[in-house]
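*Asks:* Attaching a single structure in structure tokens format; questions to follow.
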Amino acid sequence: MRWHVRGAAVGFVLAALVGCGSPGSDDNAQDQGEQADRTVEKPDVAAAGDVTLTVWDQEVRGGQARQIKRLNAAFQEQYPNVTIKRVARSFEDLNKTLKLAVSGPNAPDVVQANQGRPVMGTLVKGGLLAPLDPYAEAFGWGDRYSDLLLDLNRFSSDGNTFGDGNLYGLSQMGEIVGVFYNKTKVSEKPATLEAFEASLQEAKDDGDIPIQFGNLDAWPGIHEYETVLGQTASKEQIRDFVFAREGASFDAPEFVEAAEKLQEWADAGYFTPDFNGTGYDPAWQRFAKGQGRYLIAGTWLVADLNEQMGEDVGFMLMPGAEEGGDPVALGGESLPFAITSKSEHPDVAAAYIDFLTNSDAATVLAETDNLPAMPVEESAIPSGLPADVFAEWGRLNEADGLIPYLDYTTPTFFDDLSGAIQELLGGKSDPQEFTSGVQGAFQEFADQQR
Amino acid sequence: MRATASERPPGEPRLVGYLYLLPALVAFTAFVLVPLGRAVWLSFYDWDGVTPGTWTGLDNYAELFSEEALRGAFAHALVLLFFYALLPVGIGLLLAGLVARARVRGLAFFRTVLFLPQVIALVVVAVMWRMIYDPGSGALNELLRTFGLGSLTQSWLGDFNLALPAVGVVGTWVWFGLAMVLLMAGVQKIPASLYDAARVDGAGMVREFFAVTLPALRGEIAVALTLTTIAALRNFDLIYITTKGGPGDATSVPAFQVYDRAFQTGEVGSAAAIGIALTAIIFCFSFVINRTAERGYAL
């Protein structure tokens, strides 16, 4: 009877293989360039008839959830013929399921597709997102944001060029990685990087922790590095690298200098002891409890720190080499809302995205403890720590000083960079090895692109 | 009696047996074989999960040997094998040997307590140990300081050399309870007369363990080793929550690479190849362990 068993096994393997063509068949390819070039009228949503708009977002926490609920309700009130079917997921869940959902037969109409090559770039490559340029023209979205904020949501039609080409999404909120400081310990904000370093040494001499830092989760190191990099390299140089423009390289003297500085800080004991073994949350929680002088972190901590420290906490951008120079800081914007190519109601979807990002929306965002990416009316700005953040956001956008996250650069760059920074700060590699190693990982990607 | 009837064994015709298997086989095919076949298929492609994939033949498998990060991941899995499988079974044997020798008061109580780690969800275990290992305020370093051993405190999960053993110890803690319960149960079914005979022959404690306890536990050891080996090789949750493969690549393991490549970096083909290789390795290990136990070599 043996052959029966074997025959059956072969049969099952064959059955398993039947229906397997090349994965990801190419039925979505459309001429994106043509679509991007056409012009449209501002859509009339009220005349669109009964429409159900399926939206996948990740606005699930505190103030984020409050703003999207308010805006969704307001939109449906204004246009009773539209029903918004909201699918809310956490950031990680959304990123993991989005590709499957968008390429499936019942694709949602509007999705939040994270910036950069890993998510948005792949979806554009697959022809799964609709270019929004015609709508940007009709609604005047260009005036709503500073240039970099729009560039971050741009890709070429083939998905190969990032930061240039068609617009694929709009974001609601801004985000800065800056320096939180404990006001009871820092009487005067340091005006230059040198003064900042002197203040670190002073804290060290007092027996305090100069910078609270926990890098067990690997990604916070990217923020520390890039915050310093913004002061050693020019913003164009960093942007060119992230957008993988011709001739840009990680293995440049300015990038080495930032690595040297960071390693110096680590060696001098300016960070939490054993930072590579300390979690991100314990680190900022200790800062909130009054341990440590500074914390380099993003504006996503504003609500928590404000609540726990009240008057005692302030926010500033990392000072540059010269006093009064134009500020440069790591930052960006929340996940952009994009329209899928399979959506049957792109016009209504565009009007919805417009509604989420217009000036009324900016007021709602400010009222719900968020930092709107677009300009907001003076009267809507809250007091306390958020006021610091709003002011710095305004200053930064005026100077066009935002630099994008380095991990947008290639699909694997997050892993490449975060691991390399842990090694740099742990003393396992020297600054030169660090930059050339990271450049090597980038080169692999660049070679594949060409 | 007709000739045909006498040629086959009594009862229903053999082929009918397959009919009884059919329902289970259908479910097994739909949920195990088809996905497995699909994974094998994907492993021959370079595919980002969205755009059309390109056929690359065995390239993804060649990468398992050529790419340092992957070689490292498999090497780490072998190190974890020591902590997840050998150590727990060793501790279990030691305890079982002691129980065989002496009556322990409140045995059921101790057994329950030592088995507890098995009952807790691994995610909870991982979160708990991450707190214990925290260099600043974790229980382990606090304990060392309390006993005046402040100089021994470490950044357990942040040190390049310590992180892997530190994660390994968590595995030992989780799995030794299971090994112990299995082996103790085995010891209890060994006839007391064997021990009496050994003692009459003048065997000491050590001799008794190797001559009586160990051979009698062969089956249980095989079961314990199989379960723990599988757990060691496909270990994901502990790594994901405690270190995410860091610092650097110090604790990266194959299962973590599968997840990372499939869901984060868009290398679905490579992820499938690692998964298939891992499946094959686990299969080989289990096969060898069980064969060895059946035939009674070595152990």
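*Asks:* Hey, got a sec? Which GluC sites (Glu not before Pro) in the stretch A:149-245 land in a DSSP loop and have at most 15 other Cβ atoms within 10 Å?
*Replies:* Numbers: sites: A:GLU175, A:GLU188, A:GLU194, A:GLU197, A:GLU202, A:GLU224, A:GLU226, A:GLU236; in loops: A:GLU188.
Passing sites in the stretch A:149-245 are A:GLU188.
*Asks:* Once the mean 1/r over all distinct Cα pairs of the protein assembly as shown is inverted, what Kirkwood radius in angstroms do you read off?
*Replies:* Numbers: mean 1/r = 0.0340 Å⁻¹.
After inverting the pairwise mean of 1/r, the radius is 29.4 Å.
*Asks:* Residue by residue through B:247-254, how many Cβ atoms from other chains fall within 10 Å of the Cβ on average? Spell out each step's value before the answer.
*Replies:* On the way: counts 14, 12, 5, 6, 0, 2, 0, 0.
That works out to 5 on average.
*Asks:* Each residue of the stretch A:362-376 in order: what ³J(HN,Hα) in whole Hz does its phi give by Karplus 6.51 cos²θ - 1.76 cosθ + 1.60, θ = phi - 60°, with x for Gly and Pro?
*Replies:* Values, residue by residue: 4, 5, 4, 4, 5, 5, 9, 6, 10, 9, x, 6, 9, x, 10 Hz.
*Asks:* Considering the options B:LEU217, A:THR278, A:PHE243, tell which one lies farthest towards the positive end of the dipole of the protein assembly as shown, charges being +1 on Lys and Arg and -1 on Asp and Glu at the Cβ, about the Cα centre.
*Replies:* It is B:LEU217, whose Cα lies furthest towards the positive end.
*Asks:* Pairing the Cα long axis of helix A:385-398 with the longest principal axis of chain A, what angle in degrees results, from 0 to 90 and rounded to the nearest 10?
*Replies:* Roughly 70 degrees, rounded to the nearest 10.
*Asks:* Find, among the trypsin sites (Lys or Arg not before Pro) in the stretch B:178-261, those assigned to loop by DSSP (not H, G, I, E, B) with at most 10 other beta-carbon atoms within 10 angstrom. Walk me through the intermediate numbers first.
*Replies:* Numbers: sites: B:LYS189, B:ARG199, B:ARG207, B:ARG218, B:ARG234, B:LYS244, B:ARG261; in loops: B:LYS189, B:ARG234, B:LYS244.
Hits after loop and neighbour filter: B:LYS189.
*Asks:* Calculate the length of the line joining the C-alpha centroid of the stretch A:411-450 to that of the stretch A:235-251, in whole Å.
*Replies:* The stretch A:411-450 and the stretch A:235-251 have Cα centres spaced 14 Å from each other.
*Asks:* Separate question: What dipole magnitude, in Debye to the nearest 20, does the stretch A:255-381 give about its Cα centre under +1 on Lys/Arg Cβ and -1 on Asp/Glu Cβ? Spell out each step's value before the answer.
*Replies:* Working: 5 positive and 22 negative charges, 88 e Å.
In debye, rounded to 20, the stretch A:255-381 gives about 420.
*Asks:* Once Lys and Arg get +1 and Asp and Glu get -1 on their Cβ, which of B:THR265, B:ALA85, B:SER151 lies farthest toward the positive end of the dipole of the stretch B:67-295?
*Replies:* Selected residue: B:ALA85.
*Asks:* Which of the DSSP-defined H helices in chain B satisfy a minimum axial length of 27 Å, computed from C-alpha atoms, and a minimum mean Kyte-Doolittle hydropathy of 1.0?
*Replies:* Numbers: long enough: B:163-188 (38 Å, 1.73); B:268-295 (40 Å, 1.31).
TM-like helix candidates: B:163-188, B:268-295.
*Asks:* What's the magnitude of the charge dipole for chain A around its Cα centre, counting Lys and Arg as +1 and Asp and Glu as -1 at the beta-carbon? Answer in Debye, nearest 20.
*Replies:* Details: 32 positive and 71 negative charges, 408 e Å.
The dipole of chain A has a size of about 1960 debye.
*Asks:* Rank B:PHE176, B:PHE74, B:TRP129 by how far each Cα sits towards the positive end of the charge dipole of the stretch B:67-295 (+1 on Lys, Arg Cβ; -1 on Asp, Glu Cβ) and give me just the farthest.
*Replies:* B:PHE176
*Asks:* Taking the Cα centre of chain B as origin, work out the dipole magnitude from +1 charges on Lys and Arg Cβ and -1 charges on Asp and Glu Cβ, in debye rounded to 20.
*Replies:* Details: 20 positive and 20 negative charges, 270 e Å.
Its charge dipole is roughly 1300 debye.
*Asks:* Compute the relative contact order of the stretch A:133-207 as a whole-number percentage, counting only Cα pairs closer than 8 Å that sit 6 or more residues apart in sequence.
*Replies:* With pairs under 8 Å counted, the relative contact order is 17 percent.
*Asks:* I've got another one for you. Given the C-alpha centroids of the stretch B:80-116 and the stretch A:70-121, what is the distance between them in whole angstrom?
*Replies:* Comparing the Cα centres of the stretch B:80-116 and the stretch A:70-121, I get a distance of 52 Å.
*Asks:* Let me ask you something else. Counting only other chains, and only Cβ atoms inside 10 Å, what mean value do you get across the residues of A:275-284? Each step should come with its number before you reach the end.
*Replies:* On the way: counts 4, 12, 19, 9, 9, 0, 0, 7, 1, 0.
The mean count of partner-chain Cβ atoms within 10 Å per residue comes to 6.
*Asks:* Shifting gears a bit: In terms of Cα to Cα distance under 16 Å, which lysines are near enough to A:LYS289, apart from those fewer than 8 places away along the same chain?
*Replies:* Of all the lysines, those that pass the test against A:LYS289 - Cα under 16 Å, at least 8 places apart if same chain - are A:LYS183, A:LYS185.
*Asks:* Below 18 Å, Cα to Cα, which lysines can A:LYS125 reach? Residues fewer than 8 away in the same chain don't count.
*Replies:* Output for A:LYS125: A:LYS96, A:LYS99, A:LYS342.
*Asks:* Sequence gap at least 6, Cα distance under 8 Å: using those rules, report the relative contact order of the stretch B:67-295 to the nearest whole percent. Mind showing how you got there, number by number?
*Replies:* Working: 272 pairs, mean separation 67.5, N = 229.
Reported as a whole number, the value is 29 percent.
*Asks:* Looking at the stretch B:67-295 from every direction and averaging, what is the projected area of its Cα convex hull in nm²?
*Replies:* Taking the Cα atoms of the stretch B:67-295, their convex hull projects to 15.3 nm² on average.
None of the figures in this text is laboratory data; all of them are computed from the coordinates on show. All values reported here derive from a predicted model rather than from experimental measurement. In this analysis, Cβ positions are derived from the backbone assuming ideal geometry, glycine residues included, and neighbour counts consider all displayed protein chains.
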